[in-house]
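Written out below as structure tokens is the structure these notes cover.
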Amino acid sequence: MEKKTLVEFENRCVQEEPPGCRAACPLHLDGRALCEAAAKGRFDEGRKIIQKTLPLPGILSRICDGPCREACLRQEKGGAVELGALERFCADEGPFRRPRILVPKTGRTAAVLGGGISSLTAALDGAGKGYSVTVFRGETGGRELLSLSPVLTEEMVEEELEWMENLGVLFLPWDASVTPEGLAGRFDAVYAGLDDPLCRSFPELMEREDPVSLETAVPGVFAGGNTPSFIFRAAAGRRGMKSAERFLQGASLTSSREKEGPYATRLFTNIEGIEPAPPVPVPPKGYTRDEAVREAGRCLLCECMECVKSCVFLQKYGGYPKKYAREIYNNLSVIQGTRLANGMINSCTLCGRCERICPGGFSMRDLCLTARQEMVSQQKMPPSAHDFALEDMAFGNSPEASLLRHEPGHSRSAFLFFPGCRLAGISPRTTESVYGHLRKVLGGEVGFWLRCCGAPARWAGCRKELEKAGKEFLDQWRSMGSPVVIAACTSCLEVFRKELPEIRAVSLWSVLQEKGVPETAPIRSVPAALHDPCTAAELPEVRAAVRDLVSRTKVPAEELPLTGELTSCCGFGGLQECANPALAAETAKERCGESPSDFLVYCAMCRDLFARTGKRTMHLLDLFFPPSDGDPGDLPPVSWSDQRENRAALVRDLRKYLWKEEEKMEADRDALSLVMDKGTEKLLESRRILAGTVRRVIRNGEVSGRKIARPDGTFIAGLKPAAVTYWVVYRPREDGTFEVFSAWSHRMEVKGREEGAP
Amino acid sequence: MNELIKSFEKYGEYRCASCGCALELKKTDITYLGSVFAIELPACPSCGMLFVPEELATGKMLEVEKILEDK
Ligand code: SF4
Ligand code: SF4
Ligand code: SF4
Ligand SMILES: [Zn+2]
């Protein structure tokens, strides 16, 4: 990934932007961090935050007029947070313990005119930059500070002035010989604080004051701070000394200074649903400890995190998209070493919800998909991440599991019903029923097309495979006369729309909406929550058709809080279930927890993933084409093995009974029949070892005789059909079946074994 | 990876079905993504038929596979 791409992604996420209070503070005090500490009673931490930002913390923290309030998001919910009063309590509660930082002297000299806040800030900053600073001030010797506010005491002022002297700032009395021009001749740079009336007596300082650089008519002399606001006076001093620094470096006095003073933050914070709460009133003596804690607790700790709040995947990795973008970028740049973000990149469901939620449109989907494509093309994709799904895709396109036919008795197709691998595998029964129904309502020329749409390759980032499959796909489609494809699955539709725009495709749901559904007796009238598959989020017409169809059933449907274009993935999308099954289970569980009602879905994969968590879930097709016995909500989930066998069986059945192709069909090679208990079945499913693979391993052991005999009469046989080696423990039974006890696999290759041949 | 197959006694009772020999530990190379490891696996002393025990495949071997995949 190019750096430029990273920056484009990063810029869309505003999570790292400052909260309103901090952006609006002329000195950018971190009000959010201060409140976070204060709400926990950690006022020492609060003081550290203050002294890091504020010059003269013992004074400013007590008298700041708080312009941040205007930008505080709490304003709309009871009133802005009293940050000023909180700072004051921090200062009253204990001493500032400023670390003494030794700054190397630069040899430069700076003069500061005046004894007000603005001048003293400039002097402090000048000392911080390593200048030898001399302050020329009136006779009162700092007493003018005392008059700023009744809350200040002599000690407080004394402490700050002493601190400055300790830093090496020299204080000299102001006499008649002091003029800006004269100082400019003797010092490298000059700042004059216009909050001191003495400074305002020089017309040359009041003239031509540039608001950005604070440059005056006298070159090298800067002046500012002529404002009633104490904090703005300080900010002017800081700005003036920065200008002095640029002046001494010969740098531009005005470029990139937009964020020096108050600015509007880009941070987005959702304040919907936040209960209003009024500020804790500030007594004349300031807050008590308890009051300060309570007031700090009103802070909303502004941040965005909108996308993270609703995505199990984004929560999993403890950050937010901007941070993830950097991690992914680093991951892709690793030449030698561990690629820490591999797991993350492959765990996104690519549902796109974050992009629709994010105020800046950050797309984790695009980021992860780009990263996957890059990893695949650099041959850095962990083979275990998507092998299973890609192999399933190959199976779906093999003669055993695919079928392309004109309607029996027809030699051309106006339509092609495309059920997709999932519906065909999970519910071959409804697949057949829907096909029959479509032939009826569309009046003939409805062909049938079973194969994989290419979604697994797309999600895995395998562009090459996808393009190859896409070409084959188009060839097959054209060979049928380019009919309208009726897709049952929105994931297939997404692939058509994004990768094969030539294909004329419509959703099964739109067709059913228009052409009607079979009249069926109502199965049930219990309410169910309607879940949109993530790939329907960008298909509003499909969602509308589904809602219309649902209204024709007797099932009262509820909408989930996040629905339609903000719907969530079930955990299958983006191959999350393949690369990170544990996270996919969490994704499904989280979604199911959003309503106690049964779920009503219109994607076979959603049905299965939800049913696996134990949620009662019905497929909409099961309401129109109900199972002969029982409630569709009680149908069990279908294992990966069974999905494959179902597809193969569907193809065999359709060819035999619908297309009467019996004579052409090859003998069933997989006749070997297996017996295993539920526990073993579950173990194999979780290890993604398919029944078909187990059969091949056993056949290999039995035919070649190469197997290991265990003392209990069972055998171990092995086989490496492609990249993975499988081992199966089994026992041949007298009735010719094989009892299976366990199976396992590994990717490491044992050298010098010829396991390949069956 | 060698200390893995400690509890090896039990495989001593396993036999090669074609030769009838009891299995013995045999030094074998295993490889993944370009890395090679030497390991002892239960094998037939006569024909070399061997197998990778379940606890090895689903334990240490899987861990090493994951580490190598993230390299
Ligand atoms: S929604 Fe997410 S990606 Fe967008 S700005 Fe907020 S945290 Fe960043
Ligand atoms: S609510 Fe808190 S973080 Fe947000 S702007 Fe106000 S003080 Fe700052
Ligand atoms: S799973 Fe969906 S919402 Fe979450 S990051 Fe990926 S695309 Fe965004
Ligand atoms: Zn042998």
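Annotations for the structure displayed:
- Taking the longest Cα principal axis of chain A as reference, the axis of helix A:154-166 is set at about 80 degrees.
- Helix A:581-592 vs. chain A, principal-axis angle (Cα, 0 to 90°, nearest 10): 80 degrees
- Proximal charge balance of A:GLY713 [Cβ under 13 Å; K/R count +1, D/E count -1]: +1
- Interface residues of the stretch A:691-711, defined as those losing at least 20 Å² of solvent-accessible heavy-atom surface relative to the isolated chain (probe radius 1.4 Å), are listed as A:GLY705, A:ARG706, A:LYS707, A:ILE708, A:ALA709, A:ARG710, A:PRO711.
- Distance histogram for the stretch A:354-511 (every C-alpha pair counted, 10 angstrom bins, percent rounded to whole numbers): 10, 36, 32, 16, 5, 0
- Only protein atoms count toward the accessible area here, which uses a 1.4 Å probe; on the stretch A:86-151, the carbon and sulfur part of that area reaches 55 percent.
- About the centre of its Cα atoms, the protein assembly as shown shows a dipole size close to 1720 debye [charges on the beta carbon of Lys, Arg (+1) and Asp, Glu (-1) only; nearest 20 debye].
- Surface exposure of the stretch A:542-701, expressed per residue as accessible area with a 1.4 Å probe, stands at 43 Å².
- At a probe radius of 1.4 angstrom, the accessible area of the stretch A:227-319 per residue rounds to 52 square angstrom.
- Cross-link partners of A:LYS77 among lysines, defined as those whose alpha carbon lies under 21 angstrom from its own and excluding same-chain residues fewer than eight positions apart, are absent.
- Probe 1.4 Å, protein heavy atoms only - accessible area per residue of the stretch A:118-204 in square angstrom: 44 Å²
- Listed residues A:ILE63, A:ILE689, A:ILE274: farthest to the positive end of the dipole of chain A (Cβ charges): A:ILE689
- Alpha carbon centroid spacing (whole Å) that separates the stretch A:32-57 from the stretch A:565-622: 46 Å
- Taking only protein heavy atoms and a 1.4 Å probe, the accessible area of the stretch A:404-537 is 52% carbon and sulfur.
- Distribution of pairwise C-alpha distances over the stretch A:313-361, 10 Å bins, in %: 23, 54, 20, 4
- The stretch A:280-372: proportion of alpha-carbon pairs further apart than 16 angstrom, %: 62 percent
- Size of electric dipole in the stretch A:600-667: Cβ of Lys, Arg +1 and of Asp, Glu -1, about Cα centre, debye, nearest 20: 240 debye
- With all protein chains modelled, accessible area of A:ASP634 [1.4 Å, Å²]: 100 Å²
- In the stretch A:687-742, GluC sites (Glu not before Pro) in a DSSP loop with at most 16 other beta-carbon atoms within 10 Å: A:GLU734
- Global geometry of the stretch A:593-733, whether rounded, prolate or oblate, following the gyration tensor of its Cα atoms and the 1.5 cut on a/c: oblate
- Sequence-distant lysines (8 or more away, or on other chains) whose Cα lies within less than 17 Å of A:LYS656: A:LYS664
- Tilt relative to chain A, helix A:428-442 - C-alpha long axis, 0 to 90 degrees, to 10: 90 degrees
- The stretch A:224-286: projected area of the alpha-carbon convex hull, averaged over directions, in nm²: 7.6 nm²
- Under the shape rule built on the C-alpha gyration tensor, where the axes satisfy a ≥ b ≥ c, the stretch A:154-253 is rounded, since a/c falls short of 1.5.
- Spatial separation of Cα centroids for the stretch A:388-456 and the stretch A:303-368, in angstrom: 35 Å
- Area accessible to solvent at B:ILE39, 1.4 Å probe radius, in Å²: 0 Å²
- Prolate/oblate/rounded label for the stretch A:479-585 (Cα gyration tensor, a/c 1.5): oblate
- Karplus-based coupling profile of the stretch A:189-199, in residue order and whole Hz: 8, 9, 10, 10, x, 7, 6, 8, x, 4, 5, with θ = phi - 60° in 6.51 cos²θ - 1.76 cosθ + 1.60 and x standing for Gly or Pro.
- Per the Kirkwood formula applied to alpha carbons, the stretch A:259-304 shows a radius of gyration over Rh ratio, Rg over Rh, of 1.08.
- Solvent-accessible area buried by A and B, counting both chains, probe 1.4 angstrom, square angstrom: 2700 Å²
- Summing Cβ point charges (Lys, Arg +1; Asp, Glu -1) relative to the Cα centre of the stretch A:550-621 gives a dipole of roughly 300 debye.
- Annotation note: trypsin sites (Lys or Arg not before Pro) in the stretch A:192-250 located in DSSP loop regions with a Cβ neighbour count of at most 13 within 10 Å are A:ARG208.
- In the stretch B:54-71, the residues whose accessible area drops by at least 50 square angstrom when the other protein chains are added to the isolated chain are B:GLU54, B:GLU65, B:GLU69, B:ASP70, B:LYS71; the probe is 1.4 Å and only protein heavy atoms count.
- Part-to-part distance (alpha-carbon centres) for the stretch A:479-494 and the stretch A:116-165, which is given in Å: 78 Å
- Where the Cα pairs of chain A fall when distances are cut into 20 Å bins, in %: 14, 33, 24, 18, 10, 1
- Cα-based reach from A:LYS322 at 17 Å (exclusive), listing lysines while leaving out same-chain residues under 8 positions away: A:LYS3, A:LYS4, A:LYS309
- Shown in residue order for the stretch A:27-39 are the 3J(HN,Hα) couplings computed by the Karplus curve 6.51 cos²θ - 1.76 cosθ + 1.60 at θ = phi - 60°: 10, 6, 5, 7, x, 5, 5, 4, 5, 4, 5, 5, 5 Hz (x for Gly and Pro).
- The stretch A:20-70 - percent of accessible surface contributed by carbon and sulfur, probe 1.4 Å: 44 percent
- Here the Karplus relation 6.51 cos²θ - 1.76 cosθ + 1.60, evaluated at θ = phi - 60°, turns the backbone of the stretch A:212-222 into coupling constants of 7, 8, 6, 5, 9, 5, 9, x, x, 10, 10 Hz, with x for every Gly and Pro.
- In chain A, the calculated helix contribution to ellipticity at 222 nm averages -12500 deg cm²/dmol per residue, counting -39,500 (n - 2.57) for every DSSP H run with n ≥ 4.
- D_trans [Stokes-Einstein, Kirkwood Rh over alpha-carbon pairs] for the stretch A:476-540, 4 °C, 1.567 mPa s, µm² s⁻¹: 93 µm²/s
- When you filter the GluC sites (Glu not before Pro) in the stretch A:138-199 for DSSP loop state and at most 15 other Cβ atoms inside 10 Å of their Cβ, you are left with A:GLU139.
- Cross-link check: pairs A:LYS52/A:LYS285; A:LYS707/B:LYS26; A:LYS380/A:LYS464; B:LYS27/B:LYS60; A:LYS464/A:LYS498; A:LYS720/B:LYS27 evaluated at a Cα-Cα cut-off of 23 Å; pairs beyond the cut-off: A:LYS52/A:LYS285.
- Our analysis of the stretch A:94-218 gives Rg over Rh at 0.97, with the two radii drawn from alpha carbon positions and Rh computed by the Kirkwood formula.
- With a threshold of 19 Å on the Cα-Cα distance, the over-threshold entries among A:LYS48/A:LYS105; A:LYS105/A:LYS129; A:LYS589/A:LYS615 are A:LYS48/A:LYS105.
The values are calculated or read from the model by the stated rules, or taken from the named source; none is laboratory data. Because the structure is predicted, anything quoted here is derived from the model rather than measured. Glycine also receives a Cβ, built like all others from the backbone with ideal geometry; neighbour counts cover every protein chain displayed. Just the protein is used for accessible areas: all its heavy atoms, side chains included, with ligands, DNA and RNA removed. Shrake-Rupley method; radii C 1.70, N 1.55, O 1.52, S 1.80 Å.
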